[in-house]
Structure formats: C-alpha cells, structure tokens
Amino acid sequence: MRIIVLGAGVIGVSSAYYLASQGHKVTVLEKNNEPGSGCSFANGSQLSYSHTKTWAEDLFFSKFVKTVLHPTSFASIKKFDKKTLNWLVKFTKNSSPKKALINSQNLYSIAVYSKDLMKVFLDKESQHNSSWSNGRNFNYKKNGILHFYRSKKAYERDILNIQYNLLSGNRPIVYSANQCIEHEANLVKLLDKKQLAGGILYPEDASADSYLFTKNLAKLCEEKYGVEFVYNVEVKNLLNNYQKITGINTQDKVYIADAYVYALGALSNKMLSGINVNTDVLPVKGYSLSINCNEEYIAPTSCLTDVEKRIVYSRIGNVFRVGGVAEFASTDIHKNSYSKPIKFLKNNLLSTFSNFGDIDSCKHWSGFRPLRPNSIPLICNSKKYPNLYLNTGHGSLGWTLSLASGKILSDLINNHTSPAFDFLNNELN
Ligand SMILES: Cc1cc2nc3c(=O)[nH]c(=O)nc-3n(C[C@H](O)[C@H](O)[C@H](O)COP(=O)(O)OP(=O)(O)OC[C@H]3O[C@@H](n4cnc5c(N)ncnc54)[C@H](O)[C@@H]3O)c2cc1C
C-alpha cells in the first residue's frame, strides 16, 4: 500500500519505520528541513518506561486553578477561550484517583511495550549498522531514573502509588535521602538545606537523545527501507470527498496515497477539526536548557525528576538537559516569551545542585507537548475517514512511547491488532 505519513517527529518517523519494514511504500512530509526538529528536538530525554503518571492525576479543579495562579508555579494558562475551558473540564474529570490509575495503567502497557521494542530494534538494526549497537548513536543510557521528593507528604503518597508498578512485575526502589546522595552526589545541596525527603528509583527506565534517534532512524528508513522524506513542505489541509481522504494539499502540490497517517504534533490540529475529526489535543508549551559540561565542568550524571517542581534532568553525552514548565493552550512560537520560564528553570537548577556545567553558555529551547485530557495518545483510525489514521496526542511521554506507537499503528493498518491495546479504539469520539 502507498502510505503518506504527515510529520517527521519521533512519532511520524517511528510509524514510517514499522510501516516500511512491513512492506509498505512510505513517503513522509515535513515542513522543516530535517527530522526531529519539532517537539522531539530538545525534550527532557527521559524514557520513563515504568513511570507513566498522567498530568491530570491529583490536579482536581480547585488545585489546578491554585496551581496555575501561583506566581512561581511550573504551570500557567495562556489562552482562556471556550475550547480551552472544555478541555480543562475534561482534564480535571481525569484527576480522580480511580480514573488516574486506569489511565496510568493503560499508558504503562504502551510504555512497557516500547521498552521491549527498543531492545528488539537495537538487536536487529545493530547487526546491519554497528552505530546502533547499545544505542550509542543516540546516547542511550539504561541507568534508571531517580524521582526525588522535597516534602515527606509527596514522598509517602508516591510510595503508596507505586502499587500498579509492583503488580506489573516492575520493581521501583524506595530510597532514603542519604541513598539519593549515594545515587547522585550532586543532590547534597538539597540535603544540606533539609529539602530532600527521599526518592524512588525506577531502575528499568533510561535516557537518550530523541532528536539524534529520530534523525538516525529517518536515515535508516531511507537507506534500508526506501522511505522517501520530503522536507520543507507544509501540509495545508487534508482533501476529502466526505468518505475518504483523497490527497494532501501542500504549498506546491497535492500528494496522493492509499492511506494517510497524521503525526503533526501539537500545533496543526485545526486541520483535523476542519474535517470534523476532534482530537482533543491541547498544546502545552514546555522549555529546556541544554548545558555544556565537558571535562572542565562537573554536573549531575544521573537521570533525575524533581517531582514537586515537575522538572526533569538528564545527562546526554556532554550535555546536561533541564526540562519543564507547562503553559497550557500556548501557541506562541516567538522567542521573546522565553524569559520567565527560563528563569524558573535556571533558579531551580541553581537552588538544587552545586555543580551544573557551563550555565552561561546554555542553549534555550521550547516545544509544544500535544496533550490530551486523559494523557492517552490517539493511535487509531479516524473512524470518519477509513483511510486516515492518527498517531498523535502523546503529551509529555512521546519519546518514551514512540516505538510502541509506531508499531501499534502499523499493526492496525495491517489488521494485526492486539487486544492489549483495545482501549485505544475508544479514545476518539
Ligand atoms: C519541555 C519538554 C520536555 C519533554 N520531555 C520528555 C521526556 O523526557 N520524555 C518523553 O517521553 N517525552 C518528553 N516530552 C514530550 C515529547 O517531546 C513529545 O511527546 C514528542 O516529541 C511528540 O512527538 P511528535 O512526533 O508527536 O511531535 P513533533 O516532534 O512535534 O513532530 C511533529 C512534526 O510535524 C511537523 N509539522 C507540524 N505541522 C506541519 C505541517 N503543517 N506540515 C508539515 N509538517 C508539519 C513538525 O515540524 C514536526 O517535525 C517533552 C516535551 C517537552 C516540551
């Protein structure tokens, strides 16, 4: 079958990989001049295979309002129109412990599948090209992720919350404050300030550079599986005859195939609502710092999550990456909006660690998480158009879920669905 994938982010390229390796003739359309240049570019780099907490968990309406109104909070709302309000109502409906647990378990099943697929992928592809061996061409590090807690209350709450992990055979390890220091010496500053209650280590988790992965995977798709990548082409709209998609309209021509996969990330959803496919995806803008830390500089070497501040820290090669902040309903792509969130990340960095690399020369970045109210991605048929498939809405876990998302989608197109992911069929209204 001829298939066009829209978008060369980590989700689009993973979809192209599985579709092409299963014999389809795939073309990928991307508006930028390279793959992985959208939200997949400088994200937090965490592969959170065993920690799939949803965004809504705990953020019931009054707490959410309090959080976004607090002047030093990680979260804010940038646009308060009817669409955002409807989305927020659905979001807070997913905050109850029962709903949050079901959503986390569903995400967990995709994440664990992704972890297994990563192993299969690396074993297979490193036989043909040794740069994939142990994931060294994208700085893959399987050292676990340590979640650390400032308050005893949050620490004790999450110790109880790891039950779903334990039931699934995963083994998070509860650490005292001193054990956290043994794991990452740079946390001693927090301990000295009496701001380190303890931690939970998720040993199965990993970190890696999602941009390098996407870029190398696109190259592999091209060279080994004959995928065609067309860059600098902006999708304008999806043409249809009310029964199926008939083509993809771009600035220079119409692209035609038998089936179409939508993986355009957070900012192009109007295109779908224009043809009556409602994805419920809200852009949630986040920021990152990439700090140079070659031999002269000391910086944390472990992958860490500051649970209460919702900031992630990863070491990818000579770069120390800091990611966080959530601006709900932001579509502002301009750099002048950088100052407050960047300050938030820098202030937290300075107050958490004694050593963090060359902060003066750090690079700033922002991206838009495609977030759905229940944090569950759309990996499904569009229902309204039998030849249109969706692979979007991965929120803050797109890198983690990428391989599974590509494989599940490709299996769906090939009619090889697994009952384990039946819940994905009910996501689209
Ligand atoms: C600060 C931050 C930290 C994060 N940390 C993590 C983390 O640690 N772990 C994790 O798993 N996830 C993390 N995420 C989330 C993750 O980055 C996203 O879920 C993931 O990148 C989404 O991938 P995507 O392919 O759907 O979107 P994108 O990467 O945005 O890809 C969409 C592609 O479509 C292209 N496109 C858009 N519109 C058009 C058009 N009209 N025509 C042609 N092309 C178009 C874009 O240029 C882009 O290349 C983080 C996100 C942020 C913002």
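Details
- Here Gly317 passes the criteria (1) open to solvent by 20 Å² or more (accessible area, probe 1.4 Å); (2) at pLDDT 95 or above except the one numbered (2).
- Taken over the range 325-346, residues that are within 13 Å of the ligand (Cβ to nearest atom) and on the phi < 0 side of the Ramachandran plot amount to 11.
- Among strands (runs of 3 or more DSSP E) entirely within the range 208-262, having at least 1 residues that are open to solvent by 40 Å² or more (accessible area, probe 1.4 Å), farther than 24 Å from Ser410 by Cβ and of a type outside the set (Gly, Ala, Ser) singles out 235-240, 245-250.
- Just so you know, in the range 263-304 the residues that are part of a strand (DSSP E or B) and small (Gly, Ala, Ser) include one that is nearest to Lys79 (Cα to Cα), and it is Gly286.
- The condition of being outside the structural domain of Leu29 (by TED's automatic domain parsing) and either open to solvent by 10 Å² or more (accessible area, probe 1.4 Å) or among the polar types (S, T, N, Q) (or both) holds for only one of Asn292, Asn269, that being Asn292.
- Top-ranked residue in the range 372-429 [being open to solvent by less than 40 Å² (accessible area, probe 1.4 Å) and β-branched (Val, Ile, Thr); ranked as nearest to the ligand (Cβ to nearest atom)]: Thr400
- Residue match in the range 25-38 (condition: assigned to a helix (DSSP H, G or I) and under 30 Å from Thr250 (Cβ atoms)): no
- Only residues that are away from the ligand (no atom under 13 Å from the Cβ), in contact (Cβ under 8 Å) with a residue 40 or more places away in the chain and surrounded by fewer than 24 Cβ atoms within 10 Å (Cβ to Cβ) were counted across the range 21-58, and they come to 6.
- Single condition Ile159 does not satisfy, out of (1) open to solvent by 20 Å² or more (accessible area, probe 1.4 Å); (2) closer than 29 Å to Leu59 by Cα; (3) not in a helix (DSSP H, G or I): (3)
- For the range 323-371, the set of residues classified as touching a Pro at 6+ places or on another chain (Cβ under 8 Å), of a type in the set (S, T, N, Q) and open to solvent by less than 30 Å² (accessible area, probe 1.4 Å) consists of Ser330, Ser366, listed by residue number.
- Applying the criterion of being more than 12 Å from the chain's Cα centre (by Cα) and among the small types (Gly, Ala, Ser) to the residues of the range 37-61, the residue that is nearest to Lys141 (Cα to Cα) is Ser50.
- Subset of the range 59-80 that is within 15 Å of the ligand (Cβ to nearest atom) and out of contact with any Lys or Arg (no Cβ under 6 Å at 6 or more places or on another chain) - its residue that is most open to solvent (accessible area, probe 1.4 Å): Lys78
- Among the numbered conditions (1) more than 11 Å from the ligand (Cβ to nearest atom); (2) touching a strand residue (DSSP E or B) at 6+ places or on another chain (Cβ under 6 Å), the only one that Tyr242 does not meet is (2).
- Residue satisfying condition, being among the hydrophobic types (A, V, I, L, M, F, W, C) and more than 30 Å from Ser14 (Cα to Cα), within set Leu201, Leu187, Leu212, Leu146: Leu187
- Entirely in the range 312-415, the strands (runs of 3 or more DSSP E) that have 3 or more residues that are in the same structural domain as Lys193 (by TED's automatic domain parsing): 319-328, 358-371
The values are calculated or read from the model by the stated rules, or taken from the named source; none is laboratory data. Just so you know, these numbers come straight off a predicted model, no measurement behind them. Quick reminder, even Gly has a Cβ in these numbers, built from the backbone with ideal geometry, and neighbours come from all protein chains shown. Ligands, DNA and RNA are excluded from the accessible area calculation, which covers all protein heavy atoms including side chains. Shrake-Rupley method; radii C 1.70, N 1.55, O 1.52, S 1.80 Å.
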